[in-house]
Amino acid sequence: MRKLFVIVALVLSGCLAVWGADWLSDGHDPQRTGWQQDEKILTLSNVKGLKLLWKVQTDSLPPPGTGGSSIGRNLFPPLVVDKVNTPTGPKEIVLLATVYDYVYAIDAATGGVIWSKNLDKGDVTGDTNCQSKNMTTPVIGPSSTSGNYTVYLVPFDGKLRQLNLADGKDVAPPDSFIPRNSSAHSLALIKGVVYTMTGDNCGSHANYVYGYDTETSKTLSFSPGSGAMWGSRGLAIGSDGTMYAGTADGQYDPAHGLYGDAIIGAKQNSQTGILEMAKYYAPSNTEFMYKRDLDISVTPTIFKYKGKEYLADSSKECRVWLLDTANFGGENHQTPVYRTPAMCNEFTNYFSVGVWGAISSWVDPSGTPWVIVPFWARSTPSSKLRLNTAL
């Protein structure tokens, strides 16, 4: 039976107000905090008043097969822009990307589809363990004109598409970005450069960090040499432009350019313009993690506290590493600011246990930073931790 997927909108009873804050990329910002700082409506007392406002049924089909990262990846996180200049006036638009390269621009007030496209149906056969037959979460950037926005996305063919959010028309011709069928992950946009990373060795392509300069149309690439990168939110980007990702199982041998089961930081060289390794961290038990298939392929989150910038990341081992981005792992690249005990997965199972996808961070009204870590499996007594005790 054909199965379609639905996006729904919820609204508080008696409250149609929106907070007027945009959500332009997966995880909200380049640091992948997942934190909507300007949200002032929802509270513990009124959240029970949420009601269905509208729903939209997409044309997207579920991915074939049951393995790997195709599980649960059919509708990607929606993006929201509050005030978009459309032909019929300013509108709040919800942008939704789905598998097989469908994209929808939805009127947030009514649920009406303003425009939709199927950019490249591609070849729906092949390796069902990959996300390769679909788009991933796009990124939205404002133009020089207020109220005008460009959507950046990469369909199955690997070409970067730039669309006007208001009407879906091409802002620039499609251009080569990444190899066809190479499983890109959520896009990021920094200073006019679109970044993504690839994982799972889809299409027999090696795993790379990629960049596309929208001003020069030049592409950039960097490979960690070993270990796929498939954190669901893509790269987390620090204040100095370093792009961070966790790598999956692979050899860890920095002397030979291999950084499997590590957290790598790539950055564009200001002199040569190429992407290169800027910093890296490997847990002290990296070899054990490699043998047990305990990948670090989780998108990290970055936050600031008392004048310093920190990165937190996790893995299927189900512990969190806290790292100072200015002294990333110390001289031996294996010394974190803090390493939590394992919060779950006491039997170090490699499948359907541990932390997968991404983690988030936020700062409470008292100024205390928190890291939110979702995981599968039963928690251990050490799961209730406050990382700020290490800061």
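Read the figures in this text as sums done on the coordinates, not as results from a lab. Treat the numbers as computed from the prediction; the structure is a model and nothing was measured. In this analysis, Cβ positions are derived from the backbone assuming ideal geometry, glycine residues included, and neighbour counts consider all displayed protein chains.
Could you list the GluC sites (Glu not before Pro) in region 205-296 that lie in coil according to DSSP, counting only those with at most 13 other Cβ atoms within 10 Å of their Cβ? Please report the intermediate quantities before stating the final value.
On the way: sites: Glu215, Glu276, Glu287; in loops: Glu215.
Of the GluC sites (Glu not before Pro), the ones in loops of region 205-296 whose Cβ has at most 13 other Cβ atoms within 10 Å are Glu215.
Taking a ≥ b ≥ c as the square roots of the Cα gyration tensor eigenvalues, with a/c under 1.5 meaning rounded and otherwise prolate when a/b beats b/c, else oblate, which class fits region 245-351? Working shown, then result.
Details: a/c = 2.06, a/b = 1.31, b/c = 1.58.
Verdict is oblate for region 245-351.
Just list whichever of Lys218/Lys279; Lys191/Lys267; Lys91/Lys191; Lys40/Lys191; Lys91/Lys169; Lys55/Lys159 have alpha carbons separated by over 21 Å in the model shown.
Values: Lys218/Lys279 24 Å; Lys191/Lys267 13 Å; Lys91/Lys191 26 Å; Lys40/Lys191 29 Å; Lys91/Lys169 17 Å; Lys55/Lys159 31 Å.
Over 21 Å Cα-Cα: Lys218/Lys279; Lys91/Lys191; Lys40/Lys191; Lys55/Lys159.
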TODO: Filter the trypsin sites (Lys or Arg not before Pro) in region 233-332 to those in DSSP coil with at most 16 other Cβ atoms within 10 Å of their Cβ, and list the result.
DONE: Lys306
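Could you list the trypsin sites (Lys or Arg not before Pro) in region 142-194 that lie in coil according to DSSP, counting only those with at most 15 other Cβ atoms within 10 Å of their Cβ? Could you put the intermediate results ahead of the total?
Numbers: sites: Lys159, Arg161, Lys169, Arg180, Lys191; in loops: Lys169, Arg180, Lys191.
For trypsin sites (Lys or Arg not before Pro) across region 142-194 that sit outside H, G, I, E and B with at most 15 neighbouring Cβ atoms in 10 Å, the list reads Lys169, Lys191.
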